[in-house]
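Take a look at the structure below.
Every read-out reported here was derived from the displayed coordinates using simple, explicitly stated rules and does not represent laboratory data. Predicted model, so just to flag it, every value in this text is computed and none were measured. Positions of Cβ are backbone-derived with ideal geometry, glycine not excepted, and every protein chain shown enters the neighbour counts.
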């Protein structure tokens with residue numbers, strides 16, 4: 001009839017699960033983090049044209065060295081951040097509790 005209409009669609013059940021990290025054991029949280037990392041890595045690996053990327057990077061090792069430099073700097077920052085967290089807990093600035101493993 002040519003009339004404009006707005007619709008609201010509601011899904012009855014999405015059948016999707018939801019991760020609840022706050023209820024996970026350390027091992028479950030580690031496994032969950034690994035799965036997330038693998039999924040993200042796979043998505044990124046599939047997002048570009050491998051031949052175009054290889055051509056862009058060239059045959060020299062400058063990109064490899066840049067990745068190593070970045071990874072080392074990132075790891076160092078993670079260590080500093082973790083130490084700051086530990087220090088804040090020890091000083092009583094942040095609450096913390098031990099969680100039994102596994």
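Run the quick spin-label model on residue 19 and residue 96: label points 7 Å from Cα toward the beta carbon, then report their separation in nm to one decimal.
2.2
Considering just Cα atoms, how many Å³ per residue does the convex hull of the chain enclose?
Enclosed volume per residue, from the Cα hull, is 272 Å³.
Take the Cβ-Cβ distance between residue 72 and residue 6 as r, set R0 to 41 Å, and report the resulting FRET efficiency rounded to the nearest 0.05.
According to the calculation, E is roughly 0.15.
Need one number for region 50-102: average projected area of the convex hull over its C-alpha atoms, nm².
Over every viewing direction, the Cα hull of region 50-102 projects on average to 6.7 nm².
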